[in-house]
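Here is the structure we will look at, set down as structure tokens.
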Amino acid sequence: MVDAMEITSSPPPVCLADFAELARSVLPPQVWDYVDGGSGSEVTLAGNRTALDRVGVLPRVLTGVATPRLRTRLLGREYAMPVGVAPMAYQRLVHPDGEVALAAAARAAEVPYLASILGSTPIEQVTATGAEVWFQLYWLRDRGLVTDVLARARDAGCRALVVTVDVPVLGRRFRDLRNAFRLPPELVAANLPGGRDDLAHGGTPGVNPVAVDSGAAFAPALRWADLRWLGEHCELPLVVKGVLDPADAVRAVDAGARAVVVSNHGGRQLDGAPASATMLPEVVAAVGGRCEVLLDSGIRGGGDVLRALALGADGALVGRPMLWALAAGGQAGANTALTLLADELRDALALAGCADPAAARDLRTVPMG
Ligand SMILES: Cc1cc2nc3c(=O)[nH]c(=O)nc-3n(C[C@H](O)[C@H](O)[C@H](O)COP(=O)(O)O)c2cc1C
């Protein structure tokens with residue numbers, strides 16, 4: 001692993017993409033593939049970038065804005081910018097400090113940290129960083145375990161419950177299958193009851209042990225009634241992550257969601273699903289202000305956050321770039337990544353003539369090219 005000193009000594013990263021090469025150079029190839037890869041032919045993974053690149057944002061001039069304010073309210077709480085760290089499993093795969101380092105960086109940047117139920121650090125240690133933690137749930141087959149883990153998240157001080165709904169089964173990830181990718185023995189899903197993830201450590205060629213493990217633990221056949229049940233049994237604000245269809249977004253609001261995350265899981269689930277950015281305007285129109293709307297999948301800088309806002313989102317989540325930064329430099333790397341994001345977003349808002357994120361939602365977008 002490189003440490004923060006090395007990051008500052010060589011040409012320092014000037015954008016999030018610079019962390020990708022640093023991460024690639026320090027991670028074992030199969031871990032890099034697990035982070036970087038998507039499902040199937042990775043058409044949706046590539047489409048996320050293409051779609052964002054095709055969003056032209058029409059800047060306004062002479063608006064009198066010098067230094068835009070980034071502060072934003074999400075789920076009734078104030079954050080330093082309309083950006084959160086997306087939930088990602090097993091962060092100690094890429095750096096020994098894992099979840100604690102990313103959460104501490106989120107705390108320093110005053111942005112929400114979304115903690116995966118598949119975290120490799122117990123949720124209590126994550127909230128002990130002082131970060132604003134939103135707990136992300138994959139629905140377990142055993143409903144008793146669902147209520148147990150929810151109580152644990154609430155007692156640990158989590159601020160929101162994010163239920164991910166786009167994983168009825170794990171997407172077929174060819175890179176992981178070819179690598180027979182499995183978790184190292186010392187890495188466990190620290191928020192699941194002991195031994196739950198034994199299967200994730202197996203190793204049969206052509207089989208993805210992480211997928212086998214998820215299939216055993218997670219309930220595959222959820223319905224809207226289950227979501228309503230969750231809304232009624234959880235005191236935390238409910239966020240539904242992994243919605244692309246505007247009609248589903250409306251159903252989520254009707255079931256009690258305070259926010260939806262328009263996401264295709266970073267191209268890791270249904271290959272061939274449309275880019276999240278493509279569906280965002282329709283989702284925003286369909287929910288008509290009844291819930292907040294966040295975007296993820298392909299966000300790689302402040303300019304992309306501006307695009308998300310201009311397409312009508314209230315904020316965006318950043319996934320892989322935070323793991324790149326963590327791999328490259330631990331918490332210091334993640335701090336740098338979030339500082340770069342804030343600086344880029346401030347500049348992008350200024351260049352578009354916007355005083356704050358709310359003003360960006362009134363910008364016009366035009367197809368690029
Ligand atoms: C290595 C990795 C692990 C992930 N684990 C989870 C998870 O445990 N729960 C979840 O809801 N989403 C998970 N995701 C999806 C992210 O939350 C997010 O939707 C996606 O990474 C956004 O796309 P981006 O990486 O292009 O920014 C994971 C993504 C990656 C890359």
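The table below gives the values:
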item: Near pairs, Cβ below 6 angstrom, 6+ apart or cross-chain, from region 33-56 (closer than 16 Å to PRO281 by Cβ and touching a residue at least 60 places away in the same chain (Cβ under 8 Å)) to any residue that is charged (D, E, K, R) and within 13 Å of the ligand (Cβ to nearest atom); result: LEU52/ASP304
item: Residue within region 75-92 that is among the β-branched types (Val, Ile, Thr), under 18 Å from ASP296 (Cβ atoms), in contact with a strand residue (DSSP E or B) (Cβ under 6 Å, 6 or more places away or on another chain) and away from the ligand (no atom under 13 Å from the Cβ) present; result: no
item: Selection within region 258-283 - closer than 19 Å to VAL162 by Cβ and more than 16 Å from the ligand (Cβ to nearest atom); result: ARG258
item: Among (1) in contact with a helix residue (DSSP H, G or I) (Cβ under 6 Å, 6 or more places away or on another chain); (2) surrounded by fewer than 22 Cβ atoms within 10 Å (Cβ to Cβ), the one test that LEU183 misses; result: (2)
item: The one condition in (1) of a type outside the set (Lys, Arg); (2) within 12 Å of the ligand (Cβ to nearest atom); (3) surrounded by fewer than 20 Cβ atoms within 10 Å (Cβ to Cβ) that ALA66 fails to fulfil; result: (2)
item: Selection within region 291-312 - within 14 Å of the ligand (Cβ to nearest atom) and among the hydrophobic types (A, V, I, L, M, F, W, C); result: LEU294, LEU295, ILE299, VAL305, ALA308
item: Options ARG152, ARG178, ARG159: the member that is surrounded by fewer than 22 Cβ atoms within 10 Å (Cβ to Cβ), away from the ligand (no atom under 15 Å from the Cβ) and within 17 Å of the chain's Cα centre (by Cα); result: ARG159
item: Any hit, region 313-336, residues being among the β-branched types (Val, Ile, Thr) and within 15 Å of the ligand (Cβ to nearest atom); result: yes
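Each row is one residue, and each column tells you yes or no for (1) within 11 Å of the ligand (Cβ to nearest atom); (2) surrounded by fewer than 17 Cβ atoms within 10 Å (Cβ to Cβ); (3) assigned to a helix (DSSP H, G or I).
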| position | (1), (2), (3) |
| --- | --- |
| ALA221 | no, yes, no |
| GLU232 | no, yes, yes |
| ALA249 | no, no, yes |
| ALA252 | no, no, yes |
| GLY256 | no, no, no |
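Read-outs: derived from the displayed coordinates by stated rules, not from any lab. For clarity, every value in this text was computed on a predicted model and none was experimentally measured. Every residue, glycine among them, receives a Cβ derived from its backbone with ideal geometry; neighbour counts consider all protein chains shown.
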